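See structure below.
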Amino acid sequence: MIRQIKKYDYFEIYRQAYNNALDLAIEAQLLFDNKYYPRAYFLAYTALEEISKSQLAADVFTGYSKEDNFIEKYANHKIKINQIGWAHLEANTYPYNQIWLGPDVDNIEKIVSKEPSWEKRLNSLYVGIKNTEVVIPSEQIGKNDAHKIIHILDIALKRIWDIEHSGHQIGTKGFMK
């Protein structure tokens, strides 16, 4: 049974999901630095979902969206990753390692906006079978995959930080106008 969430709980959901996303981002970077690319990908993907959850809760808390279908969105992986699509698009405008300097149009490595995919998330964690072959995470998710999703995550976290700490409110209203 799903209990009703009172309005004041939404801020706590926002805060806890956002803080968890920060922790996951740190751990994803540690795994990446130590060449554990599939697991880094998995944690970065999960952090993006946590960011999405935090923004969903913040939007209900601020009245920017209604709480009618909050739980449905909050529990659905596809909805959460689609809700964070803005981060994928923004990651296309910033080259790696030059986030604070702004885009250098001659040095932009594009991030595919449809990434990350649910299939890649699963492939980053589980051994699978495709046709008659065994598929292992290290053969499916490499350094480039992990690098790209961590870049998307970094952009999302920095964008939210910029908006929330420049006097705007929490949630997507500050940057989804």
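General observations
- Helices (runs of 4 or more DSSP H) (entirely within segment 115-172) containing at least 2 residues that are modelled with pLDDT under 90: 118-123, 143-164
- Cβ-Cβ under 6 Å pairs, at least 6 apart or on other chains, segment 16-43 side charged (D, E, K, R), far side surrounded by fewer than 22 Cβ atoms within 10 Å (Cβ to Cβ): Arg39/Leu31
- Number of the condition not met by Lys78 [criteria: (1) surrounded by fewer than 17 Cβ atoms within 10 Å (Cβ to Cβ); (2) outside any helix (DSSP H, G or I); (3) modelled with pLDDT of 80 or more]: (2)
- Selection over segment 81-98 of residues that are surrounded by 18 or more Cβ atoms within 10 Å (Cβ to Cβ) and small (Gly, Ala, Ser) gives a count of 2.
- Being among the charged types (D, E, K, R), modelled with pLDDT of 95 or more and within 17 Å of Ile155 (Cα to Cα) holds for only one residue in Glu49, Glu27, and it is Glu27.
- Single condition Phe32 does not satisfy, out of (1) surrounded by fewer than 18 Cβ atoms within 10 Å (Cβ to Cβ); (2) closer than 29 Å to Ala146 by Cα: (1)
- For segment 95-112, the count of residues that are closer than 19 Å to Phe42 by Cα, modelled with pLDDT under 85 and out of contact with any strand residue (DSSP E or B) (no Cβ under 7 Å at 6 or more places or on another chain) is at least one.
- Filtered residues of segment 47-72 (kept if in contact (Cβ under 8 Å) with a residue 60 or more places away in the chain, surrounded by 17 or more Cβ atoms within 10 Å (Cβ to Cβ), in a helix (DSSP H, G or I) and not small (Gly, Ala, Ser)): Leu48, Ile51, Gln55, Asp59, Phe61, Thr62, Phe70
The values are calculated or read from the model by the stated rules, or taken from the named source; none is laboratory data. Please read all numbers here as calculations on a predicted model, not as lab measurements. As a convention, Cβ positions derive from the backbone with ideal geometry for all residues, glycine included, and neighbour counts pool all protein chains shown.
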